[in-house]
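None of the figures in this text is laboratory data; all of them are computed from the coordinates on show. If you're wondering where the values come from, they're calculated on a predicted model, not measured in any experiment. Quick reminder, even Gly has a Cβ in these numbers, built from the backbone with ideal geometry, and neighbours come from all protein chains shown.
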Amino acid sequence: MSEREKLVVIGNGMAGMRTVEELLALAPDRYRITVFGAEPCGNYNRILLSPVLAGDKGLQDILLNDLDWYAERGITLHAGREVTAIDRARRRVRAADGTEAPYDRLLLATGSLPVVLPLPGADLDGVVTFRDIADVERMLAAAAGGRRAVVIGGGLLGLEAANGLGRRGMEVTVVHLAQSLMERQLDAPAAALLRRSLEARGLRILLEAQTEALLGAERVRAVRLADGRELEADLVVMAVGIRPNIALARDAGLHCERGVVVDDTLQTFDPRIYAVGECAQHRKTTYGLVAPLFEQAKVCANHLAFVGCTRYTGSVTSTRLKVTGVELFSAGDYLNAEGGDELVYQDPAGGIYKKVVVRGNRVSGAVLYGDSSDASWYFQLMREGTDVGEIRERLLFGQAHVGDAGHGGAHAVAAMDDAAEVCGCNGVCKGEIVRAITSKGLFTLEEVRAHTKASSSCGSCTGIVEQLLALTLGGDYSAPEVKPLCGCTGFTHEEVRRAIAENGLKTLPETMRFLEWRNPDGCQACRPALNYYLLCAWPGEYRDDGQSRFINERAHANIQRDGTYSVVPRIWGGVTSPAELRAIADVAERFEVPAVKLTGGQRIDLLGVPKERLPAVWHALNQAGLVSGHAYGKAVRTVKTCVGSEWCRFGTQDSTTLGIRMEKLCWGAWTPHKVKMGVSGCPRNCAEATIKDLGVIGVDSGWEIQVGGNGGVKVRATELLCRVKTMEEVLEYTGAFLQLYREEARYLERTAPWIERVGLAYVRRRLVEEDDGRRALYARFLDSQRRAQSDPWAERAQAPAHTGEFLPLARVG
Amino acid sequence: MNEPVRERVTAAVGADPAWVGIGPLAAIPVRGARVVQGPGGDIAVFRTSDDRVFALLDRCPHKGGPLSQGIVFDCRVACPLHNWVIDLEAGAACAPDEGRVPRFPVRVEDGIVYLDLRGRPEP
């Protein structure tokens, strides 16, 4: 075996070890790893020091990696040995006790240091900072013996320290220089509510108070303020901020500003040296929260493992205060410095304050006090830049009030009973999820999905699961900013599609190679997505890969729970004839089909057909002129119609004729997810067109085209796209809409969430305002349809090449 | 219409009557599977992208889904019913799911696939 490369990690904290964990998952054997840590223990969750101080958790509860963890992975850990020098020329590091280690690659994760104010008396006994386990132990010792504590600094850390000491029985005074508490995260009204709540817990808070000196002989006994007041103190905690710990890097000649400067791959100016976490400065920003650090760790591990070309482009961060009983959340431009609109809900008596800042119909910041149950929803809207124009007036009332039928009231996750079901698809209750998060150390939505199955099927409970994560983990929860297509790649859906188009990638292996897929075979998530993207990008040219399709699309029938299939012939616009019905009845009898059912889309479903009989069933249906209804595919499925003006005494338009013409135009198109359409002949809307992906409603002057409806898990009514006069116009808009959806939505994204994500205004612009653009989309749709409209049943019923898919290979025994 | 290949026992491994020929390797799609109807139920015979062949009982340990109909990648298959991922080599569900699928010994000689159906399948 060849000699492994040597990776040295300086810093045994959350950033360094998270990177190592990510690295081991990608390339377990690439490096011999040596870790230096200044603290004499394994890696612990620094964020949970506040609950330890407050007595809500013990030290054992916050250990992330104990010493066995390092030993089991063959990692050499030098705990309690601080590195004092990096020799870049010889590629060695040296610790204070003389220990040396050579490296091929070096990872700096030295974190940050608490700021110590240069005050007289700052070096007295009883003056501590709040950064590590040793600090907490000093505070606990002081709390056991002393009575009075002064915390200098009314920011996040200072208040958590003050709360903890108060809970331990000390009389605590918070001395804060600014006009309001947590001014870096809160606006004035929220800060006032917070102050009131903390004072009600017995904390004394002095604002606009400057500390001048710490008094005492050997041990601190008082704090003197600039206005002359003296505050008695047995313990003084300085919590006035942190600064990146860069002394080592700077002494080694690495380029540093506020932190160690890194590029989008977390590489420093020395290509052998990387930096992650609080010591790193990326695009002028240093971070002091855990979520960005996890994102950095992922990217850095990718590059250390030589498996990818992911980039870190910065993080959108949010803050929660970990004080039991105080719900507080803040994110983004909470002060509205950039001139947006402020939506505010204020209930001083009830102790609730919500402010959401909206700029250009996008959420740009939020402050929540007293009720933060919708925090992750606002944060998601903000990160994803979702268009909230249509829900502005309900935005403040939370996710439960935006037409999310069936889930209203479920969002007060904190108040939910442990036995309350969260995921209806997989029968997972709140207690199981919370237990899994705490006992298995889960941090992300993906991990919760893998371990509990919650939110892994229809996805409608994703919001609740994310809230449970946030609730259980506090600030530890790291919601990824943009999600990669799947675990095989760091690229997003959009990046993959762009790469396919711009680089002329025309096969699956070529695409995976070009984008450096971690797994050359892909997985069950990415292969169908890539197959669709290639099919959409190169109509007629790309050769469909059956093995990368879900079974339903490979077999052109719907698999049922017992392994048999269902067959749904196309009934154009839901209009049929005695001859067609007779043919379907004959087939059902001849093949002894166990169940015949009418579908919601005005079709007939033949259920329980064994796979090997499918070609014969299709052949029989074909002979009566019936073709595949694509009821099994991510494809255009049905156009449902009402009887319309031909028969109905109220009908204003000929809905059946239009429905049939739409279905003839659109059948056979593969789409990111299933597409259902409907045409109603008058506004009474008997075809329920307003819960379809595209619905058309006849009015006196012509037709209304509606888009983005959904009758599934989340009921959503359509929104008006435009009004047109003629059937020809409806056809053009329909084709153009489908093509825009085909080209731009993510695979497995229905039209409703797609439109919510990009905004109806965008879809209107592309289809209604830009006439040339619409015509071009329509032309591309027609071009694609010319090659797509071939009955897959006929192809398979006749060609022996396909029988292998349907027949057993052999019978034995 | 092509008849399925049946009971093709040849001399190569056929010297040992336990090995039953089930058909040519070429009849199994790469990254795919075919079904063999056995005495104790259907058997899924998989072929990976590097031409390795595995035979498992065609029943997912979760809800009995036909594994032969799933998407094959690496040495694994995703069940078509609820997306459990089964390791073909181990005959077991991938973590965090738990469950085992009985396996059958397979050999490929001269492009022909043979199964050993004696006794109980390997656990």
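Along the charge dipole of chain A, Cβ charges K/R +1 and D/E -1, which of A:Gln467, A:Gly702, A:Leu186 sits furthest on the positive end?
A:Gly702
Among A:Tyr747, A:Tyr44, rank each residue by its count of other Cβ atoms within 10 Å, from fewest to most, as a rough exposure measure. Present the calculation step by step, with values, prior to reporting the outcome.
Details: A:Tyr747 21, A:Tyr44 24.
Ascending Cβ contact count within 10 Å gives the list A:Tyr747, A:Tyr44.
State to the nearest 20 debye the size of the charge dipole of the range A:224-267 about its Cα centre, where the only charges are +1 on K and R beta carbons and -1 on D and E beta carbons. Intermediate values should be presented prior to the final figure.
On the way: 5 positive and 8 negative charges, 20 e Å.
Roughly 100 debye, rounded to the nearest 20.
Measuring from centroid to centroid over Cα atoms, what is the spacing of the range A:129-159 and the range A:355-386 in Å?
33 Å
Take the Cα coordinates of the range A:636-788, assign each an equal point scatterer, and use the Debye formula without solvent to give log10 I(q)/I(0) at q = 0.09, 0.15, 0.19 Å⁻¹.
Result of the Debye calculation: -0.24, -0.69, -1.14.
Of A:Thr656, A:Asn361, A:Leu59, which is farthest along the charge dipole of chain A in the positive direction, counting Lys and Arg as +1 and Asp and Glu as -1 at C-beta?
A:Thr656
When the chain is fully extended, how far beyond the present Cα-Cα distance does A:Ala624 get from A:Asp56, taking 0.36 nm per residue of separation?
That pair, A:Ala624 and A:Asp56, stretches by 197.2 nm at full extension.
Quick check for me: using +1 on Lys/Arg Cβ and -1 on Asp/Glu Cβ, what's the dipole size of the range A:1-117 about its Cα centre, in debye to the nearest 20?
480 debye
With charges only on Cβ, +1 for K and R and -1 for D and E, what is the dipole size of the protein assembly as shown about its Cα centre, in debye, rounded to 20?
Computed about the Cα centre, the dipole is about 1020 debye.
Determine the shielding of peptide B:30-37 by partner chains: average, over its residues, the number of Cβ atoms on other chains within 10 angstrom of each Cβ. Working shown, then result.
Numbers: counts 1, 7, 5, 2, 6, 8, 6, 7.
Counting Cβ atoms of other protein chains within 10 Å of each residue's Cβ and averaging gives 5.
Under the definition of partner shielding as Cβ atoms of other protein chains within 10 Å of a residue Cβ, what is the mean value for peptide A:242-248? Could the numbers behind the result be given before it?
Numbers: counts 0, 0, 0, 0, 0, 0, 0.
Shielding by partners across A:242-248 averages 0.
Please give me, ordered by residue number, the GluC sites (Glu not before Pro) of the range B:32-123 that lie in loop per DSSP and have at most 15 other Cβ atoms within 10 Å.
Here the GluC sites (Glu not before Pro) that fit, given the DSSP loop and packing criteria, are B:Glu89, B:Glu98.
In whole angstrom, note down how far apart the Cα centers of the range A:233-260 and the range A:339-353 are.
37 Å
Kindly express, to the nearest 10 degrees and within the range 0 to 90, the angle between helix A:526-537's C-alpha long axis and the longest C-alpha principal axis of chain A.
That works out to roughly 60 degrees.
Express in whole angstrom the spacing between the alpha-carbon centres of the range A:770-797 and the range A:1-37.
Rounded to whole Å, the Cα centres lie 51 Å apart.
Once you have a ≥ b ≥ c as the square roots of the Cα gyration tensor eigenvalues for the range A:552-623, tell me rounded if a/c is under 1.5, and otherwise prolate or oblate according to whether a/b is larger than b/c.
prolate
Round to the nearest 0.05 the FRET efficiency obtained for A:Ala794 and B:Asp51 when R0 = 22 Å and r is the Cβ-Cβ distance.
Once rounded, the FRET efficiency stands at 0.10.
In bins 5 Å wide, starting from 0, what share of all Cα pairs of the range A:493-549 does each bin hold, as a percent?
4, 22, 36, 28, 10, 1
Need one number: convex hull volume per residue for the protein assembly as shown, Cα atoms only, in Å³.
Per residue, the Cα convex hull of the protein assembly as shown comes to 193 Å³.
Going toward the positive end of the dipole of the range A:677-813, with +1 on Lys and Arg Cβ and -1 on Asp and Glu Cβ, which of A:Pro792, A:Thr726, A:Gly804 do you reach last?
After comparing all options, I get A:Gly804.
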